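We did not get these values from a lab; they are worked out from the coordinates using the rules stated. A quick note: this is a predicted structure, and the numbers were derived from the prediction, not measured. Cβ placement follows ideal geometry from the backbone for every residue including glycine, while neighbour counts extend to all protein chains displayed.
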Amino acid sequence: MWTIWSSLLVPSLLSGAEASVVPQSKFISRLQSVSRNPNYPLDVVDKFEEATMPKVEAYMSERITSGTNNNCTLENAVIRQEWSDLSEEQRQEYVAAVTCLTKLPPKSDKARFPGAMSRYDDFVAFHMTHAMQLHDNYHLFGAHKYYVWLFEKALREECGYTGYQPYMNYDRYSQDPYNSPLLNGNASSLGGNGELEPTYKGVPQPGRTPNIIASGGGGGCVTSGPFSDMVVSLGPTSMSMGSNLPKNPKADGTGPNPRCLRRDVNKNAFMGATADRAFSLLNDNAEMDGFYNQLLGTPPPRNDPYPWGIHTAGHYVAAVDPGGDPNTSPGDPLFYFHHTALDRLWWIWQMQDPGMRLNAIPFVNGSMTMPGHGKRQSKDPNDVIVDLEWLGPPVKLMETHDQLGGNGGLFCYVYV
């Protein structure tokens, strides 16, 4: 069976006693056992990640030698995979677990979020009321890492899911997202496109040329595959990009507003996150500020027909309602695939020079920090706490930067 790691038979970078700390052959054997969809040859980012693994091995060997790995090793690390590399049975198990969360009772404050009807909505409720803080320069990467990890934890512990959160490789689906394993509407997909909604024109992009992610021909209710019967309750908020949506009974969007899941599966968005763009992001930015700005598409790239930046592009690959609303975007399960994909890119970038990049924070004038019991947090990153309230216990921001031993060792995973 051909796998992503078939060609990764690198010799150890270490020798003697140090080499015995990390049994390289055992790790490589694990990676070689991970299957890959033969319809998708390695792209330039996959190859870049493959070439990075010796650096990861050397880094983890140093961590283990110094006793700072919190019991995380490359042998016990979880492996997160791309959606189409999973078997159909594994994909269906994931869909079933997400569906399970939509049927469990919520844990969030019912008085504060009367529209939260399920455990799944607990995550939407947090994001919609903390979206500005979650997307500031401190929290975009680390807080979302923790957020997605807690969602994965809920799937596993509350709904019996035996796998881990998949990511999406945007490039795989960019040419024909409508017939892709991700969005073709089969039982092993995440559901299909929305019906044509003529009034939906796309997602405005002020200051860019073109200045809109034009509609891909959907915009209405999803009618095929998993989540075609999903009931969306929270939102929309004033940030919504949808059209002809039922208005929420509460001005802030937290009231009950049952409606269908609406999507516009959009090649124009996917094309803004292709492998060449992701490779440039990883390879052309030695400093965090450059990585951060290019990810966000600031300043807007010139002479690019899809100048959105990977962060924006990924959010709108099938956006309308709730995914087209930056506040309620986790209401569409695709959200978790997007932010796991971003987490993967961030990790690959970090591992090029862990000593300099692991705890790097992009510089932005001013920062809206996470609320902390009514007190404004310190702007020293070492003092910042990521508090996701009812979703999970607070953790230090710097702990969220480390996926191989962070959060007391609870973060322990790699991507393939």
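List the pairs whose first member sits in the range 208-224 and is in contact (Cβ under 8 Å) with a residue 40 or more places away in the chain, whose second member is in a loop (DSSP other than H, G, I, E, B) and of a type in the set (Lys, Arg), and whose Cβ atoms are under 6 Å apart, counting only residues at least 6 apart or on separate chains?
Ser215/Lys201; Gly218/Arg263; Val222/Arg263
Can you name the residue in the range 65-94 that is under 20 Å from Thr52 (Cα atoms) and surrounded by fewer than 18 Cβ atoms within 10 Å (Cβ to Cβ) and is also farthest from the chain's Cα centre (by Cα) among such residues?
Glu75
Residues checked against (1) buried (at least 22 other Cβ atoms within 10 Å of the Cβ); (2) among the small types (Gly, Ala, Ser); (3) in a loop (DSSP other than H, G, I, E, B); (4) in contact with a Cys (Cβ under 8 Å, 6 or more places away or on another chain):
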{"residue": "Tyr200", "(1), (2), (3), (4)": "yes, no, yes, no"}
{"residue": "Gly225", "(1), (2), (3), (4)": "no, yes, yes, no"}
{"residue": "Asp229", "(1), (2), (3), (4)": "no, no, yes, no"}
{"residue": "Ser243", "(1), (2), (3), (4)": "no, yes, yes, no"}
{"residue": "Phe270", "(1), (2), (3), (4)": "yes, no, no, no"}
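Could you list, ordered by first residue, the pairs with Cβ atoms under 7 Å in which the first is in the range 313-326 and within 23 Å of Ala275 (Cβ to Cβ) and the second is among the β-branched types (Val, Ile, Thr) and assigned to a loop (DSSP other than H, G, I, E, B), at least 6 apart or interchain?
Close Cβ pairs satisfying both conditions: Ala318/Val265.
Take the residues in the range 65-88 that are touching a residue at least 24 places away in the same chain (Cβ under 8 Å) and assigned to a helix (DSSP H, G or I), then tell me which one is nearest to Trp346 (Cα to Cα).
First pass over the range 65-88, keeping only residues touching a residue at least 24 places away in the same chain (Cβ under 8 Å): 65, 68-88.
Still in the list and also assigned to a helix (DSSP H, G or I): 65, 83-85, 88.
Details: Thr65: 25, Trp83: 19, Ser84: 21, Asp85: 21, Glu88: 28 Å.
Filtering the range 65-88 for residues that are touching a residue at least 24 places away in the same chain (Cβ under 8 Å) and assigned to a helix (DSSP H, G or I), the one nearest to Trp346 (Cα to Cα) comes out as Trp83.
Name the residue that is nearest to Val95 (Cα to Cα), counting only residues in the range 106-161 that are aliphatic (A, V, I, L, M) and not in a helix (DSSP H, G or I). Lay out the reasoning, then the answer.
We begin by selecting, within the range 106-161, every residue aliphatic (A, V, I, L, M); these are 111, 116-117, 124-125, 128, 131-132, 134, 140, 143, 148, 150, 154-155.
Retained after the next criterion (residues that are not in a helix (DSSP H, G or I)): 111, 116-117.
On the way: Ala111: 30, Ala116: 20, Met117: 19 Å.
Once the filter is applied, the top-ranked residue is Met117.
One residue is enough: does the range 23-44 have a residue meeting the conditions closer than 28 Å to Pro177 by Cα and crowded, with 20+ Cβ neighbours inside 10 Å?
Checking the range 23-44: at least one residue is closer than 28 Å to Pro177 by Cα and crowded, with 20+ Cβ neighbours inside 10 Å.
Tell me which residues, restricted to the range 309-336, are of a type in the set (D, E, K, R) and more than 17 Å from Leu134 (Cβ to Cβ). Quick ask: steps written out before the conclusion?
Kept after step one, since they are of a type in the set (D, E, K, R), are these residues of the range 309-336: 321, 325, 332.
Scanning the range 309-336 gives a single hit, Asp321.
Report whether or not Gly314 is more than 20 Å from the chain's Cα centre (by Cα) and over 19 Å from Gly217 (Cβ atoms). Before you say what the answer is, go through the steps one by one.
On the way: more than 20 Å from the chain's Cα centre (by Cα): no; over 19 Å from Gly217 (Cβ atoms): yes.
Judged against the criteria, Gly314 is not a match.
What is the number of the single condition among (1) within 23 Å of Leu134 (Cβ to Cβ); (2) surrounded by fewer than 18 Cβ atoms within 10 Å (Cβ to Cβ); (3) in contact (Cβ under 8 Å) with a residue 60 or more places away in the chain; (4) not small (Gly, Ala, Ser) that Lys110 does not meet?
With (1) within 23 Å of Leu134 (Cβ to Cβ); (2) surrounded by fewer than 18 Cβ atoms within 10 Å (Cβ to Cβ); (3) in contact (Cβ under 8 Å) with a residue 60 or more places away in the chain; (4) not small (Gly, Ala, Ser) applied to Lys110, the lone miss is (3).
List pairs: first in the range 38-64 and hydrophobic (A, V, I, L, M, F, W, C), second surrounded by fewer than 19 Cβ atoms within 10 Å (Cβ to Cβ) and not in a helix (DSSP H, G or I), Cβ under 6 Å, 6+ apart or cross-chain?
Going by the 6 Å Cβ cut-off, the qualifying pairs are Ala58/Leu13; Ile64/Val21.
What's the number of the condition Glu157 fails, among (1) closer than 21 Å to Phe279 by Cβ; (2) surrounded by fewer than 21 Cβ atoms within 10 Å (Cβ to Cβ)?
Answer for Glu157: the failing condition is (1).
Among the residues that make up the range 278-286, is at least one of them free of Cβ contacts under 8 Å to residues at least 40 places away in the same chain and buried (at least 22 other Cβ atoms within 10 Å of the Cβ)?
For the range 278-286, residues free of Cβ contacts under 8 Å to residues at least 40 places away in the same chain and buried (at least 22 other Cβ atoms within 10 Å of the Cβ): absent.
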